[in-house]
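Some notes on the structure that comes next.
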């Protein structure tokens with residue numbers, strides 16, 4: 001009896017040690033638990049964390065296939081720089097989480113930062129800038145059932161030379177979820193007239209959800225300054241699109257569907273430029289759910305199909321950003337996009353990516369007159 005009791009106690013003491021995760025601490029000078037981030041990855045076991053301290057790391061990282069669920073966390077937003085020698089992340093692991101990290105100068109054929117296939121990963125509070133792909137997905141290509149989640153991330157000045165997705169390409173059954181992200185200054189050069197999506201390009205995807213994101217000054221030489229979607233179930237909910245540009249059509253979005261439902265709800269579209277329509281819809285009207293959007297200051301009658309204007313809570317009024325010239329796209333308290341201010345009395349709730357930021361007691365006012373976007377911006381110069 002005593003032997004059995006002793007064995008039970010011994011097992012209870014040993015099992016937590018065996019099952020506990022290890023944290024590997026990495027420093028730029030190599031003085032941590034491993035000399036480089038990659039060395040920490042190579043030594044880590046399933047479920048381990050790698051704590052990366054502030055600094056710049058000139059590395060290209062490959063995650064192992066045989067160990068899953070690593071967490072890579074930055075302290076002080078360390079930068080991982082591939083110095084244009086190829087991809088930054090080899091994403092062959094399941095369940096990896098990246099937090100508080102910056103990724104730059106990835107350069108490869110598809111997915112400058114990395115290509116994700118048949119795996120699920122998370123990015124939180126990360127920055128992606130100055131990455132390049134020769135074909136598509138300046139930052140990421142998400143393919144073959146891969147699933148990516150991005151929260152509070154920024155994508156700036158990324159480039160795809162070929163078919164689409166200045167920042168992200170989602171294709172072949174891939175899925176993506178974006179919340180509270182910023183896409184700014186991304187670009188697609190393009191090869192043919194159907195190429196584009198200065199920020200994101202969807203094609204035959206499984207699921208695409210974008211909520212509370214800002215798309216600003218993304219461009220393409222062909223179609224869709226911000227988002228181009230082909231035959232994909234896309235949900236755009238409470239986003240802000242402004243100053244995006246396409247050379248041929250759709251300064252903001254091209255949304256194509258032959259079956260999957262496309263949802264466009266509670267978004268703000270301002271000053272997106274192109275020769276045709278700011279938002280170009282391809283497919284039966286029955287496949288589109290378009291409600292409570294503000295389409296403001298585009299070329300007269302070419303914002304979107306006239307059938308969608310002044311119906312289902314959609315309208316065209318100045319959204320009254322607080323300080324747009326200085327990057328503040330919160331709303332004035334008198335904005336028609338604020339709950340209770342809808343011009344037709346619809347109960348849409350908050351429209352756009354950001355809440356009220358001025359016009360309340362004790363908060364400086366924005367310009368509230370119903371002028372053009374150019375006149376509004378001129379007041380801040």
Query - Residue with peak Gaussian network fluctuation, the chain [Cα springs, cutoff 10 Å], from 222, 109, 346 - result: 346
**Report entry** Area projected by the alpha carbon convex hull of segment 115-316, averaged over all directions, nm²
**Finding:** 9.0
Report summary line: Note: residue 261 to residue 77 extended length (0.36 nm per residue) minus current alpha-carbon separation gives 62.4 nm
Query raised in the report: Out of every Cα pair in segment 251-341, what percent are spaced more than 15 Å from each other?
Result: 61
Report task. Using only Cα atoms, tell me the angle between helix 2-19 and the longest principal axis of the chain; keep it within 0 to 90° and round to the nearest 10. Result -> 40
Report task. Label segment 21-105 by shape, choosing from rounded, prolate and oblate, from the square roots a ≥ b ≥ c of the eigenvalues of the Cα gyration tensor; if a/c is under 1.5 it is rounded, and otherwise prolate applies when a/b is larger than b/c, oblate when it is not. Result -> oblate
Report summary line: Expected max-MSF residue from 90, 166, 76 in the GNM of the chain (alpha carbon, under 10 Å) is 76
**Report entry** Intensity falloff of segment 184-245 expressed as log10 I(q)/I(0), Debye formula with alpha-carbon point scatterers, at q = 0.13, 0.22, 0.28 Å⁻¹
**Finding:** -0.31, -0.86, -1.16
Query raised in the report: Is it possible to state the helix-based mean residue ellipticity at 222 nm for the chain, with each DSSP H run of 4+ residues giving -39500 (n - 2.57), the sum divided by total residues, to the nearest 500 deg cm²/dmol? What is it?
Result: -2500 deg cm²/dmol
Report summary line: Connecting every pair of Cα atoms under 10 Å apart in the chain and solving the GNM, the largest mean-square fluctuation among 185, 225, 283 falls on 283
Report summary line: Quick P(r) readout (the chain; Cα-Cα; 10 Å bins; whole %) gives 6, 23, 29, 21, 13, 6, 2, 1, 0
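Return a whole-number percent for the relative contact order of the chain, with Cα pairs under 8 Å and 6 or more residues apart as the contact set. Show your work: numbers first, answer last.
Working: 1239 pairs, mean separation 27.4, N = 381.
Answer for the chain is 7 percent.
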Query raised in the report: Can you tell me the Rg and Dmax of segment 99-200, counting just the alpha carbons, in angstroms?
Result: 12.0, 38
Requested in this report: At q = 0.23, 0.24, 0.26, 0.29 Å⁻¹, what is the base-10 log of I(q)/I(0) for segment 210-274 according to the Debye formula with one equal point scatterer per Cα and no solvent? Please give it to two decimals.
Outcome: -0.92, -0.98, -1.09, -1.19
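We did not get these values from a lab; they are worked out from the coordinates using the rules stated. The structure displayed is predicted, hence computed values, not measured ones.
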